[in-house]
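These notes concern the structure reproduced below.
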């Protein structure tokens, strides 16, 4: 395993390739300048009183070339766009061919703009090329990434944390390209799969897909997986503003590098918190991910002796970081992410937790308070916090006021839970314009970190009391009006969903001619996941487009379990919900493992969190479905109806519960699942089938189909 050391990096630094920074969103002159790290040479700009570089609120700043610059020429060749014929894909021309052919499409840099009322929507085109790739590969002998370029990169070197490994890359970037558009834009993404012997789908996490249900990116639910050598065109309207992200929804590919950010901006008058910040920069995305030093598949189902469990070796911030070898103490000196602010200005930051493992993360900024303004794309009443604890799939937007002494400050991200065993953490730098590039203070360590102060989303889940040291998610207030029907005492549909693990004995698991899937937990247990005593199995064909091709006996739920299902019941767990019903879901943690809280994500919706915590009955030491039903009957599962916050991902406290509500107004078959990757692959999922097939839009033309091939066996041995 090769690591990038101080010596080798010196060679790389000598061949920096500059990128271009372009001001967008205002009238006036353009200023181009070199960009290093993340605006490390802002000092060359004239930002005095007479400058018009930052002249309007909600302006964004992008670090990528315009349509006429850079190594890619986006000019149309004049040809009309048409149906994609089946043909071999060409690495050399496919990334730009559609833009050249269709002048009505807008390139990624044109779509990353300030959004204004009355502006017509754009059709924003992206091309994703997926392939096997390398960290510290030969591309790093050609160039070194010298700036945070979230849209695309003209340097194909991926440094990550300075430890050499194979990976899966999108457009040879880590993270993959950021999709940054305005509310109402149409987004078109051609995904070209060159992953050897792997199929893939891409999910657009947080995008509701109203009217575009077939493009939600869930294998065998909304589409067939994209086979190697094939491409698939996703199309959706950016209908709900906010901070979202995209990632592979097949196997373990997300953890190996197939993920990226989505930012859907809106005009300032539509954002109830727009008065709290001056700038919303394309580069001020904080995309957090966990990172192994081997392929994630090496940990599945898992080992018993060496490198057990599924914990990551490291965390990355926007694909960047450093790594200290626990055996030798050597530290790589790859670049840390850097965010730059102008003194006296207020900046919106967009934090995305794209982790795949079971670890929550804790983010703290040295010397600065964070003003929380949104969660999972949904605005909330502003709350001042010093630390944010976030789980896989969650997003938090906050504002930082550049009101401290000009200098550089540490941003610390610590892995909690099982990641605390390895003391996993990562750092970034918050730098003031014309200040130093590196903080003068000593870098915080895992055990001696930045003071926590007021914590958002505390792990102790004391959420039904007012406290000065923490704010729970259910205590946030929605900044928008809440559907009054959600606040009535009784919903139309109430669903209790307990979840736990089923523990195999070796004799059960390794019985001849049986092949039960399983995960080897860090303690050596062999388990599968259960929701309402069912472990989810994908149907053999997508339900949205091939519903009639699936045997109805494939489906089950807690009220309709197959008679011979057994304790490790495996089937396609599907709950039917009438269109426009008011639905309440009560999640109950029966896993009850210390330091393990499961985040659940609902596709197609944002819901309102009306309750969370642990049992108020002191006689109930470990909650389960029976106790939860009894507490609910006695009125002890507390619900808060005062502007409950909107989310699409929520962590259930260990040995606790979460209650949320939503109006089922988006027809479709929507996945609801734990967002820990290794729990997904062993069945911690179910489907919410809202409405009927007649409520769906028409199946897109030429939509791919798939399924089993099981022709009758001809008993004549001479004939097929």
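Derivation of every value follows stated rules applied to the coordinates shown; laboratory data play no part. What you see is a predicted model, and the numbers here were worked out from it, not measured in a lab. Positions of Cβ are generated from backbone atoms using ideal geometry, with glycine treated the same way; all protein chains shown enter the neighbour counts.
Within the range 534-561, list the residues whose amide N lies under 14 Å from a label point set 7 Å along Cα→Cβ of residue 581. Under 14 Å, as judged by backbone N against the label point of residue 581, lie 557-560 of the range 534-561. Classify the range 269-310 as rounded, prolate or oblate, taking a ≥ b ≥ c as the square roots of the eigenvalues of its Cα gyration tensor: rounded when a/c is under 1.5, otherwise prolate if a/b is larger than b/c and oblate if not. Prolate. Length gained on full extension, residue 94 to residue 406, computed as 0.36 nm times the residue gap minus the Cα-Cα distance: 107.7 nm.
Computed from label points 7 Å out along Cα-Cβ, the spacing between residue 443 and residue 714 is 6.9 nm. Against the set (i) 2, 12, 19, 20, 18, 14, 9, 5, 2, 0, 0; (ii) 2, 11, 17, 16, 13, 12, 11, 9, 6, 3, 1, 0, 0; (iii) 3, 14, 26, 28, 19, 8, 2, 0, 0, 0, the structure's computed P(r) over Cα pairs in 10 Å bins from 0, in percent falls on (iii).
For the modelled label position 7 Å from the Cα of residue 235 along Cα-to-Cβ, which residues of the range 114-143 have backbone nitrogen atoms closer than 14 Å? Residues 123-126 qualify, since their backbone N sits under 14 Å from the label point. Using a 7 Å offset from Cα along Cα-Cβ at residue 421, what residues in the range 329-368 end up with backbone N under 13 Å from the label point? Residues 358-359 fall inside that zone. In plain terms, the chain from residue 554 to residue 481 could stretch by 22.2 nm, reckoned as 0.36 nm per residue minus the Cα-Cα distance.
Each stretch of four or more DSSP H residues adds -39500 (n - 2.57); spread over every residue of the chain, this sum gives -1500 deg cm²/dmol at 222 nm. Antiparallel beta bridges, as assigned by DSSP with both residues in the range 480-695, represent about 70 percent of the total such bridges.
Specify whether the C-alpha gyration tensor of the range 480-695 places it in the rounded, prolate or oblate class, a ≥ b ≥ c being the square roots of the eigenvalues: rounded for a/c under 1.5, otherwise prolate if a/b is larger than b/c and oblate if not. Oblate is the answer for the range 480-695, as a/c is 1.5 or above yet b/c matches or exceeds a/b.
Extending 7 Å from the Cα toward the beta-carbon at both residue 328 and residue 523 defines two label points whose distance is 3.6 nm. Stretching residue 703 away from residue 154 to a fully extended chain increases their span by 194.3 nm, per 0.36 nm per residue minus the current alpha-carbon distance. Within the range 276-393, DSSP assigns beta bridges of which about 75% are antiparallel (rounded to the nearest 5).
Dividing the mean sequence gap of close Cα pairs (under 8 Å, 6+ apart) by how many residues the range 533-656 holds gives a relative contact order of 30 percent. Using R0 = 22 Å, the C-beta based FRET efficiency linking residue 632 and residue 595 works out to 0.25. DSSP assigns beta bridges within the chain; of those with both partners inside it, close to 70 percent run antiparallel.
Quick one: grab the alpha carbon gyration tensor of the range 290-329, order the square roots of its eigenvalues as a ≥ b ≥ c, and give me rounded if a/c is under 1.5, else prolate or oblate depending on whether a/b is larger than b/c. Here the range 290-329 falls in the oblate category. Here the label points at residue 492 and residue 384, each 7 Å from Cα along the C-beta direction, are separated by 4.4 nm in the simple model. Mean sequence separation of contacting Cα pairs (under 8 Å, at least six apart), scaled by the length of the chain, corresponds to a relative contact order of 11 percent.
Remark: relative contact order (the range 480-695) = 28 percent; criterion is Cα-Cα distance under 8 angstrom and separation of 6 or more residues.
Quick one: if the Förster radius is 35 Å, what FRET efficiency do residue 142 and residue 307 give, using the C-beta to C-beta distance and rounding to 0.05? All intermediate terms of the calculation are to be shown ahead of the outcome.
Numbers: r = 33 Å, r/R0 = 0.94.
According to the calculation, E is roughly 0.60.
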